[in-house]
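> Before I ask anything, here is the structure I am working with.
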Amino acid sequence: MNSSVIEAKSLTKAFGTTTALAGVDLTVQRGESVAIMGASGSGKTTLLHVLAGITAPDAGRVLFSPVTGPAADVTTMNERDRSRLRRESFGFVFQQGLLIPELTAIENIALALMINATPRRTAIERAAGWMASLGLAGFEDRRIGELSGGQAQRVAIARSQVTGAELVFADEPTGALDSQTSADVMSALLWSTTGQGRTLIVVTHDADVASRCSRTVHVRDGRITAAAGAQA
């Protein structure tokens, strides 16, 4: 069995009087693709944000185990260290992509590298390689508004992977897409993560998306209620 890449222990989180997480335990193995499903307000997005170090839990721990180096407790890091972790080891794909419309497609991807002090020329070369791998060759100089929804999401996927992130978090990455484009984007996401030996955690309401992951976790009222392997 692969070693775990991230492990949550007894996570709790409340927003005012609303309990978002009520003692969640979750272990994700290296190379897995895990879908987190649940109704609106179930706590699934909060769980993803806590795992990724975006939101601090009220109690509990999140342990991240990189390929090299010691395990790190994300919940006890200061904000500077968490930011570095998100830049260097984690990748993110969101429903609307959160791409910068003023930049071209290739600049959006390369920016993830340049933030980490990679020279612009090297960053552009790596970004171009990912664009070609994801079927976007020829679209390098288009701005985000000139791309289709599926193309923009593949740019977001490339941005999440160009840094060599070990673990990718995706929050409803196909939520705004039609069924065929959703299937294409999910194929690209899986190829670029688990297909490269990396790990994917995806929040989704789409059973078709979840069925393509190696495991599905169901969240209800801030608790994990069931987990199952991928369906055929």
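The values are calculated or read from the model by the stated rules, or taken from the named source; none is laboratory data. All values reported here derive from a predicted model rather than from experimental measurement. Don't worry about glycine lacking a Cβ; one is built from the backbone with ideal geometry, like all the others, and counts go over all protein chains shown.
> On the given criteria, is Ser182 within 16 Å of Val34 (Cα to Cα), of a type in the set (S, T, N, Q) and either within 17 Å of the chain's Cα centre (by Cα) or outside any loop (DSSP other than H, G, I, E, B) (or both)?
Considered against the rule, which asks whether it is within 16 Å of Val34 (Cα to Cα), of a type in the set (S, T, N, Q) and either within 17 Å of the chain's Cα centre (by Cα) or outside any loop (DSSP other than H, G, I, E, B) (or both), Ser182 comes out as no.
> How many residues does the range 44-96 contain that are in contact with a helix residue (DSSP H, G or I) (Cβ under 9 Å, 6 or more places away or on another chain), charged (D, E, K, R) and surrounded by 15 or more Cβ atoms within 10 Å (Cβ to Cβ)?
2
> Of Thr68, Thr55, which residue is without any contact (Cβ under 8 Å) to a residue 24 or more places away in the chain and part of a loop (DSSP other than H, G, I, E, B)?
Thr68
> Scanning for something in a loop (DSSP other than H, G, I, E, B), crowded, with 16+ Cβ neighbours inside 10 Å and either of a type outside the set (D, E, K, R) or on the phi > 0 side of the Ramachandran plot (or both), does the range 146-156 turn up at least one residue?
yes
Residues are listed down the side, and each one gets a yes or a no for (1) modelled with pLDDT under 95; (2) part of a loop (DSSP other than H, G, I, E, B):
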position: Asn2; (1), (2): yes, yes
position: Thr27; (1), (2): no, no
position: Arg80; (1), (2): yes, no
position: Gly97; (1), (2): yes, yes
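> I've got another one for you. Can you name the residue in the range 2-37 that is at positive phi and out of contact with any Asp or Glu (no Cβ under 9 Å at 6 or more places or on another chain) and is also surrounded by the fewest Cβ atoms within 10 Å (Cβ to Cβ) among such residues?
Ranking the candidates gives Gly16 first.
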